[in-house]
Amino acid sequence: MAEWTVSSISALYHRELLGLLFEAARVHQQHFKPGEIQVNHLVSVKTGGCPEDCSYCPQAARYNTGIKKHGLMSREEVRTRAEEAKEMGASRVCLGAAWREVKDNDQFDRVIDMVKDIKSLGMETCCTLGLLTQAQADRLKEAGLHAYNHNLDTSPEHYGKIISTRQFEDRIRTLTHVKNADLQVCCGGILGLGETEEDRIQFLFALTQLEGPPESIPINTLYAVPGTPLENQAPISIWELVRMIATTRIIFPTAMIRMSAGREKRSLEDQTLCFLAGANSLFIGEKLLTIANPLPEADHHMFTHLGLTPKAPFSGSRHADAPH
Ligand code: SF4
């Protein structure tokens, strides 16, 4: 991976848009089959009641957002959801729990069983469960987990304005445990948290400073939920999103770049621009944790209209196939 500095990322980020887009598309085609898209399905295995204070999140117990909370789902329910996702063409199931951190208890044992079940279906599994110790990361790896998601969200400088109940360094520590356990790292951010362009550049720089580049990078845009501190935040434009995706693609040529939260608000044309800029991964299913995601019929139409094909599980870029 090239040695990136804050100033070289800044120069790239500020390039004229069309030139940036052409370059990102070139890099993308060099490393991936054009039109091949990773299809993921996210299951919120435990929803709401989280003790953290992430300002964007409707699942934080302290905000009154009216979401439907539930405790940890049963192993059987999750297996059924995974089977349905496979039917719909997903190659990866992501299990999300609104926990601050994983605790060594019977609930974690159940998540371990869920991971084993999904692996036995021939699918990749990713978990996003909060902070992890090294021993917990190792245990997930042994169970057959493929990847662990833990987002940096934004720049180290802006982080404290968005979350106060944990530090940026806590996130880095968990990501180090994930990497040490030889799990794939899924780590991205959110646009629209009131950050500056400088924050976006610093966020990308922070990603380059992780021990090994992330294999997946979700690029979310804020879904401003009433009741959260960011409920009145202005939406970000498609041009800001495209610029961010294109810059990310050039810096991380072999990563899967995932359009995540906020896709539901984008038109087919917007999403096409994102694919041209190097996005090659998305979530299917009507819900993304607690927020809306495009309807299955709309995604089906998009796949057919654009000639997109779902990526097979356990395959990476042309030059970085890394079965785990
Ligand atoms: S983003 Fe995760 S850690 Fe933060 S409040 Fe929501 S569920 Fe909790």
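For this structure, a couple of remarks:
- Solvent-accessible area, 1.4 Å probe, carbon plus sulfur percent, for segment 6-306: 52
- Gain upon complete extension [LYS103, ASP138; 0.36 nm per residue less C-alpha separation]: 11.2 nm
- Inter-centroid distance (Cα atoms) of segment 286-316 relative to segment 209-281, Å: 15
- For the chain, calculated [θ]222 nm from helices alone, where every DSSP H run of n ≥ 4 adds -39500 (n - 2.57): -12000 deg cm²/dmol
- The modelled label-to-label distance for the pair THR309/LYS265, using points 7 Å beyond Cα in the direction of Cβ, is 3.4 nm.
- Taking 28 Å as the limit for the C-alpha separation, the pairs LYS287/LYS311; LYS86/LYS287; LYS141/LYS265; LYS69/LYS311 exceed it in the case of LYS141/LYS265; LYS69/LYS311.
- Local electrostatic count at SER10 - Lys and Arg +1, Asp and Glu -1, tallied over other residues with Cβ under 13 Å: 0
- One decimal place: the segment GLU211-GLU83 gains 42.7 nm when fully extended, by the rule 0.36 nm per residue minus the C-alpha distance.
- Rg(Cα)/(2.2 N^0.38 Å) for the chain, N = residue count: 0.92
- Heavy-atom surface of the chain, accessible at 1.4 Å and reported per residue (Å²): 41
- Neighbour net charge for ASP199 - beta-carbon separation under 15 angstrom, K R +1, D E -1: -3
- With the convex hull drawn over the C-alpha atoms of segment 196-249, the volume per residue is 104 Å³.
- Over segment 1-85 - Rg/Rh using Cα atoms and the Kirkwood inverse-distance radius: 1.17
- Note, ³J(HN,Hα) from phi for segment 253-264, Karplus 6.51, -1.76, 1.60, rounded to Hz, x at Gly and Pro: x, 9, 7, 7, 10, 9, 6, 10, 4, x, 5, 4
- With the simple spin-label model, which puts each label point 7 Å out from Cα in the Cβ direction, the GLU16 to LYS116 separation comes to 6.0 nm.
- Sum of side-chain charges, LEU222 neighbourhood, beta-carbon under 11 Å (Lys, Arg +1; Asp, Glu -1): -2
- Residues whose amide H comes within less than 5 Å of that of GLN38, counting only those at least five positions distant or on another chain, are SER281, LEU282, LYS311 (H built at 1.01 Å from N in the peptide plane).
- Potential extension, GLN30-ASP182 segment - 0.36 nm per residue separation minus Cα distance: 52.1 nm
The values are calculated or read from the model by the stated rules, or taken from the named source; none is laboratory data. Keep in mind it's a predicted model, so treat the numbers as computed, not measured. All Cβ positions, even for glycine, are placed from backbone atoms using ideal geometry, and neighbour counts span all protein chains on display. Side chains are part of the model used for accessible areas, which takes the heavy atoms of the whole protein and leaves out ligands, DNA and RNA. Shrake-Rupley method; radii C 1.70, N 1.55, O 1.52, S 1.80 Å.
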